[in-house]
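The values are calculated or read from the model by the stated rules, or taken from the named source; none is laboratory data. Computed from a predicted structure; not experimentally measured. Here the Cβ positions follow ideal geometry from the backbone for every residue, glycine too, while neighbour counts run over all protein chains shown.
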Amino acid sequence: MLAKKILIVDDSNIILYSLKNFFEEYNLEVITCLDGMEGIQKALEHKPSLIFLDLMMPNLDGVKMLQVIKLLDDLKNIPVIVISAKTDKKNVLAALEAGADKVISKPLQKEILLKYIREIVGEDFLKKSKDGEFISSAENNEIKWQLLEYFLHSFLLKKQAIIEAFEKRNVDLLKTIFHELRGAGGTIGYPELTDLSIEIENLLNSYFINWEKIKLNCDTVFELVDKIQQEHNNQGN
């Protein structure tokens with residue numbers, strides 16, 4: 001019997017990592033991609049049973065991808081769950097008007113994922129490969145721990161990339177990095193990281209770029225991540 005397919009479209013490696021691990025416990029085939037343009041191609045190629053879609057992405061954002069999907073006969077009936085760190089009324093309405101079936105805020109909770117998936121595609125869609133469906137607080141804590149470990153490990157390279165991109169005034173690279181950090185903040189439960197990343201993105205989009213202010217904000221991000229690392233270390237002791 002062929003495995004049911006889920007497509008996850010998100011430019012955050014942390015989200016892709018966590019959802020892929022989660023869904024593979026249910027014997028689902030998980031396809032991932034980083035932006036809306038690639039997401040449409042993957043959807044046409046694999047015809048998934050369900051799509052998870054981030055709102056804020058480069059090249060083609062979530063709302064535009066949804067609008068395209070709903071125009072294509074091969075894709076328009078595939079249910080879509082939107083995930084976003086910013087689920088204010090405007091974003092939620094935009095996603096629902098474009099054709100989303102549900103909108104979930106980050107950080108993601110297993111219970112809500114299970115509830116919404118079953119509401120949309122039915123109880124039989126999820127068949128867990130291991131016994132037991134109850135999600136303990138210990139299991140949820142372990143998930144959060146793994147996500148933080150993954151984020152902190154990957155940030156070491158990102159920090160060096162930020163420093164080099166700042167020195168070279170590489171606006172596009174900085175935008176890419178802070179857009180991903182913007183999503184990561186919500187995923188790991190640190191909205192202040194999201195807010196700082198949004199502020200830096202806005203500064204980078206200004207006609208006259210205030211590099212001094214960007215430097216101050218970058219230093220604040222580094223300090224915040226150092227604090228997160230310290231808190232994580234203390235919890236592990």
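Give me the helices (runs of 4 or more DSSP H) completely within the stretch 169-237, filtered to those with at least 3 residues that are farther than 20 Å from Ala85 by Cβ and either assigned by TED's automatic domain parsing to the domain that holds Pro107 or not aliphatic (A, V, I, L, M) (or both), ordered by residue number.
211-236
Tell me which of these Asn77 doesn't satisfy, since it passes every other one: (1) surrounded by fewer than 19 Cβ atoms within 10 Å (Cβ to Cβ); (2) touching a strand residue (DSSP E or B) at 6+ places or on another chain (Cβ under 6 Å); (3) of a type outside the set (Asp, Glu); (4) farther than 22 Å from Ile198 by Cα.
(2)
Please specify each residue of the stretch 27-48 satisfying the condition of being out of contact with any strand residue (DSSP E or B) (no Cβ under 6 Å at 6 or more places or on another chain), farther than 16 Å from His179 by Cβ and in contact (Cβ under 8 Å) with a residue 24 or more places away in the chain.
Asn27, Ile40, Leu44, Lys47
Picking from Asp35, Asp10, which residue would you name as being of a type outside the set (A, V, I, L, M), buried (at least 17 other Cβ atoms within 10 Å of the Cβ) and closer than 17 Å to Leu113 by Cα?
Just one listed residue meets the conditions, Asp10.
I'm checking my understanding of the structure. Among residues of the stretch 13-25 that are of a type in the set (D, E, K, R) and either assigned to a helix (DSSP H, G or I) or surrounded by 17 or more Cβ atoms within 10 Å (Cβ to Cβ) (or both), which one is farthest from the chain's Cα centre (by Cα)?
Glu24
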